[in-house]
Amino acid sequence: MRSPEEHATASAVIALMRGVVYRERDESTWAALERHGAAVRDHFNDIAVDVVFDEVEGFAYLRAHDDAEGEEPLPRLIRRRSLTYQASLLAVLLRRRLAEFEATGGEGRLVLSQEQIGDMLSVFSKDSTNEARSQDRVASTVRQLKDLGFLQELRGQSDAWEVKRVLKAYVDAQTLGDFEARLTEYARAMDGEDSE
């Protein structure tokens, strides 16, 4: 029979294997991670997986170890997911919006409507006269980011999406900086076309 500590550790391990753990949503699991974090890390370390625990932002998730040079790699437990261009673009745009939200002293959660998300993407889309197709593409992209845990639909509101702070761990400042540089180049190119 398991002791209460072993049960709490096992529960935390299982929760992490299911996806991102949030302090606000999974209070008992979060408390178990705080109390038994060393045991949880040891469990995953044996199978070449890191536990990323961000106490400030209030989330934890699993990430595969980088393979050490000269060491035979273990099979991957955590699959890498390739994103479509639209999903990658939206992830970066949402990360940028989250940074702006925090910089302006935004407290609480960043919530956007699907229409606002569509407007963000439309700047980078080819002009489309087929509104239904554009809306379907936005909905599909939003679902992809929801499945990754970057967006969460608010309960009782079919058109309100919370941008989850775990996105900051996946789209880092370097990626955001590179994106800003490309946006500047894009804007200059568009200004050049307009002036001709």
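Please treat every number below as a calculation from the coordinates, not as lab data. It should be emphasised that the depicted structure is a prediction, and the values quoted were computed from it without experimental measurement. Every residue, glycine among them, receives a Cβ derived from its backbone with ideal geometry; neighbour counts consider all protein chains shown.
Between GLU72 and ARG35, what's the calculated FRET efficiency when r is the beta-carbon distance and R0 is 45 Å? Round to 0.05.
Rounded to the nearest 0.05, the efficiency is 0.85.
Report the calculated FRET efficiency for ARG143 and GLU6 (r = Cβ-Cβ distance, R0 = 41 Å), to the nearest 0.05. Step by step, r from the Cβ atoms, then E = 0.65. For region 138-151, backbone phi angles converted through the Karplus equation (6.51, -1.76, 1.60; θ = phi - 60°) give residue-by-residue couplings of 5, 4, 5, 5, 4, 4, 4, 6, 5, 4, 7, x, 8, 10 Hz, Gly and Pro being listed as x. Projecting label points 7 angstrom from Cα along Cα→Cβ for GLU131 and GLU55 puts them 5.1 nm apart. Count the net charge of all other residues whose Cβ sits under 13 Å from the Cβ of VAL138, scoring Lys and Arg as +1 and Asp and Glu as -1. With Lys, Arg at +1 and Asp, Glu at -1, the neighbours total -1. For ALA160, the amide hydrogen comes within under 5 Å of the amide hydrogens of LEU154, counting only partners 5 or more places away or on other chains and with H modelled in the peptide plane.
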